[in-house]
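For reference, the structure is listed below as structure tokens.
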Amino acid sequence: MKVILAKTAGFCMGVRRAMEMVMAESNKKEGPLFTFGPLIHNKQVLGLLEARGVKATDDTKGLTAGRILIRAHGIPPRKREMLQNSGLKVIDATCPKVTRVQAIIRHQSNKDRPTIIVGDKDHAEVIGLMGYSKEPAHLIEKKADVANLPPLENPFVVAQTTQDVEDFKEIVSALQARFPDIQVFDTICDATHERQEEVRTFKERVEGVVVVGGHHSANTQRLVKISEGEHLPTFHVETEKELPREALSQMKVIGLAAGASTPHWLIKNVMQEIEAIQARRETPFVHGVKRAYRFLVLSNLAAAMGAFSFAYAVLRLAGGTTNLVFPLMAALYIYAMHVFNRFLDKGAASYHDPDRATFQKQYKRLLIFMGSFAMGISLILSFITGFGTFMTLVGLSLLGVVYSIPLIPEGAGNRHRFVKIKDIPGSRSLSEALAWVAVMLLLPLFSGSSDPVLSVVVTAIVVFSFSYARAVLFSLFQLQGDLMMGTETLPITLGEKRTLALFKRILAGTALLLVCSTLFGLVSSIFHLMLIPLLTLLLCLYTYEKQWLSPGIVLEGLVECNFLLAGLLIIL
Ligand code: SF4
């Protein structure tokens, strides 16, 4: 069985923006926070928002203090005035594409032109749009409604942003036949259009389609309708529990689509459940290999292996020593820190990677034992190596702990946004990269190795770029989980696009440094070899960016392979 995941599945720009705004507000300690109506049609997200103290309300009576957020659908101007007069601070998360439709209606109807809106009568966005028309707007839900319109002079028509493109075209043709002077504004959003087109492309490629999203979500319902219109067996599910296992087990290729308000972790849950149906048909060998791979990645052993190999390469680049104690010490330290930080971040994991969250729960004792054991062995090794090395590693371990614990007591009335070091935007990736430089390069240096300064400097830049790129890439993979938990990672602060651009620049700069420093004989020609894992790391980035693979254990394992490759190349 094969699952084809729609590239467009997941939050659209407007929903994501609203989500980011509400999470940013919930991090501030400025009194109660409300959303005017449920932010999105997803029970789990709403549950999480409630747990963070964000309440959904339709009635502001009695509310005089605090903040209220207008959701992506927007609201009528009168309601906006009412909110502004209530004494609450209004935060507007109306999607810019919806704002554009509101502006068109306001502008055109102010010229005394009759307004026609194609949309769903009870949808919040349509209710909001109606409020922007100077005279009462005419609502069209289906083509047949056109005949019921009164005679209109010089009207204009707009669409609810999530309307079906084909239905809108049909309605527009009928309107143009009745009102030749009508002006048409195609306001269907690209995100909607792309999602619908992708579902249409499933035809002839899949035997059935699973659409994930709230049962009350209009755009999800529309995807279901389109898929059914293509005569494909279609299953609309809100969670993996609703999957029709028997029907799916009979299919060889399944298309997986999701509405614009469906979070990634829900899509992942559904995908994993479909794959579990498939696993029942696998041979024991294939099943065994897959389980072993999953264990390696989720237990962080793959990360430790990559770190060992990379640390060995670093040692050779910086000075040519073949002492394996330092790479081992570095790998064990990095392994322990990964295990402990994963547990400290367990809340985020359940929102971006349910498979990892389940794994951590299942093997909690074993993982904690392995992490503690690794830490212990690495400290013993450092002690044997020298007191200075031991103290440096103890210092680094303490820093790893301090990083995640509150430094400012969270008392009543505390208005500090940064309670822990990890709350500082972008600190996670930066501290991870600096820790890699410290354990892989500085520890051996402190232990008396006298390497050429230039080689050490270039190696330090290479280690920093590789490890920083790795950390940023993993932050991108868990973007939604961090967003839900309010963790200020680099992709959240900078935005996904700018983070990707930064990532490319870092790798390009490192590549340039490697080429120039070896070309001019400043460092050994062995440095050239690092260009290969650098290129494969860049390929991983493109795999993520172009959505050739969605974040998960396959992509994570591939990223770790780049670090394994670095050491292997040096050995060869
Ligand atoms: Fe905005 Fe389009 Fe998403 Fe609606 S579907 S919230 S218009 S991006």
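The values are calculated or read from the model by the stated rules, or taken from the named source; none is laboratory data. Fair warning: this is a prediction, and the values are worked out from it, not measured in the lab. All Cβ positions, glycine included, derive from the backbone under ideal geometry; neighbour counts span all protein chains shown. The accessibility values were calculated without ligands, DNA or RNA, using every heavy atom of the protein model including side chains. Shrake-Rupley method; radii C 1.70, N 1.55, O 1.52, S 1.80 Å.
With a point put 7 Å past each Cα toward its Cβ, work out how far VAL90 is from LYS61 in nm, to one decimal.
Result for the modelled spin labels: 2.1 nm.
So for region 175-304, taking the charge dipole from beta-carbon charges (+1 Lys/Arg, -1 Asp/Glu), which of SER249, GLY214, PRO180 sits furthest toward the positive end?
SER249
Distance in nm between label sites at MET391 and PHE373, each 7 Å beyond Cα in the beta-carbon direction?
It is 3.2 nm.
What aspartates and glutamates could a cross-link reach from LYS241, if we take a straight Cα to Cα line under 16 Å and drop same-chain neighbours fewer than 8 places away?
Straight-line reach from LYS241, under 16 Å: GLU273, GLU275, ASP355.
What are the trypsin sites (Lys or Arg not before Pro) within region 113-169 that DSSP puts in a loop, where the Cβ has at most 15 other Cβ atoms within 10 Å?
Loop-located and lightly packed - LYS121, LYS134, LYS142.
Classify region 214-269 as rounded, prolate or oblate from the Cα gyration tensor: take a ≥ b ≥ c as the square roots of its eigenvalues, call it rounded if a/c is under 1.5, otherwise prolate when a/b beats b/c and oblate if not. Display every interim value, and only then the final one.
Values: a/c = 1.91, a/b = 1.16, b/c = 1.64.
It comes out oblate by the Cα gyration axes.
Grab the other residues whose beta carbon is less than 13 angstrom from that of LEU88, score K and R as +1, D and E as -1, and report the net.
Cβ neighbours under 13 Å give a net charge of +1.
Please compare each pair in LYS2/LYS290; LYS111/LYS134; LYS142/LYS203; LYS2/LYS43 to a cut-off of 18 Å on the Cα-Cα distance and tell me which ones are over it.
Pairs exceeding 18 Å: LYS142/LYS203; LYS2/LYS43.
Please label the shape of region 75-197 as rounded, prolate or oblate, based on the square roots a ≥ b ≥ c of the eigenvalues of the alpha-carbon gyration tensor (a/c under 1.5 means rounded; beyond that, a/b larger than b/c means prolate, else oblate).
Oblate shape, in that a/c is at least 1.5 and b/c is the bigger or equal ratio.
List the trypsin sites (Lys or Arg not before Pro) in region 1-40 that DSSP assigns to loop (not H, G, I, E or B) and whose Cβ has at most 11 other Cβ atoms within 10 Å. Which are they?
LYS28
Among rounded, prolate and oblate, which fits region 299-343 when a ≥ b ≥ c are the square roots of the eigenvalues of its C-alpha gyration tensor, a/c under 1.5 means rounded, and a/b larger than b/c means prolate?
Prolate, since a/c reaches 1.5 and a/b exceeds b/c.
So how far, in whole Å, is the C-alpha centre of region 503-563 from the one of region 257-290?
That distance is 29 Å.
Which percent of the accessible heavy-atom area of the chain goes to carbon and sulfur, probe 1.4 angstrom?
Details: 15980 of 25930 Å².
Summing carbon and sulfur atoms, their accessible area is 62 percent of the total for the chain.
What would the Debye formula give as log10 I(q)/I(0) at q = 0.07, 0.12 Å⁻¹ for the alpha-carbon point model of the chain, no solvent?
The Cα Debye sum returns log10 ratios of -0.52, -1.20.
Choose one of ASN85, ALA65, VAL98: the residue whose Cα lies farthest towards the positive end of the charge dipole of region 41-107 (beta-carbon charges +1 Lys, Arg; -1 Asp, Glu; about the Cα centre).
VAL98
Quick one: accessible area per residue over region 470-572, 1.4 Å probe, rounded to a whole number of Å²? Display every interim value, and only then the final one.
Working: 4380 Å² over 103 residues.
Result: 43 Å² of accessible area for each residue.
So which of LYS504/LYS546; LYS79/LYS121; LYS361/LYS497; LYS97/LYS169; LYS364/LYS546; LYS7/LYS28 end up more than 23 Å apart by C-alpha?
Numbers: LYS504/LYS546 14 Å; LYS79/LYS121 18 Å; LYS361/LYS497 33 Å; LYS97/LYS169 19 Å; LYS364/LYS546 34 Å; LYS7/LYS28 34 Å.
Over 23 Å apart, Cα to Cα: LYS361/LYS497; LYS364/LYS546; LYS7/LYS28.
Roughly speaking, what is the stretch gain from SER173 to THR283, that is 0.36 nm per residue apart minus the C-alpha to C-alpha distance, in nm to one decimal? Walk me through the numbers on the way to the answer.
Details: separation 110, 0.36 × 110 = 39.60 nm, distance 5.52 nm.
Difference between extended and current length: 34.1 nm.
What is the dipole size for the chain, taken about its Cα centre, with +1 at each Lys and Arg Cβ and -1 at each Asp and Glu Cβ, in debye to the nearest 20? Provide the component values of the computation, followed by the final result.
On the way: 60 positive and 50 negative charges, 190 e Å.
Roughly 920 debye, rounded to the nearest 20.
With θ set to phi - 60°, apply the Karplus curve 6.51 cos²θ - 1.76 cosθ + 1.60 along region 80-92 and write out the HN-Hα couplings as whole Hz, x wherever there is a Gly or Pro.
So the J values, rounded to whole Hz, are 4, 4, 4, 5, 5, 7, 6, x, 7, 7, 9, 10, 9.
Keeping all protein chains in place, calculate the accessible area per residue for region 30-120 (probe 1.4 angstrom), answer in Å².
47 Å²
Which of the trypsin sites (Lys or Arg not before Pro) across region 269-318 are loop residues per DSSP, with 13 or fewer other Cβ within 10 Å?
Answer by residue number: ARG280, ARG281.
Order 553-559, 112-118 from most to least packed using the mean count of other Cβ atoms within 10 Å.
Put in order of decreasing packing, that is 112-118, 553-559.
Starting with the highest mean, order 100-111, 57-68 by the number of other Cβ atoms within 10 Å, averaged over the residues of each peptide.
In descending order of packing, they fall as 100-111, 57-68.
Calculate, in nm to one decimal, what ILE532 and ILE571 gain on full extension: separation in residues at 0.36 nm each, minus their alpha carbon distance. Walk me through the numbers before you get to the answer.
Details: separation 39, 0.36 × 39 = 14.04 nm, distance 1.41 nm.
This chain segment gains 12.6 nm when fully extended.
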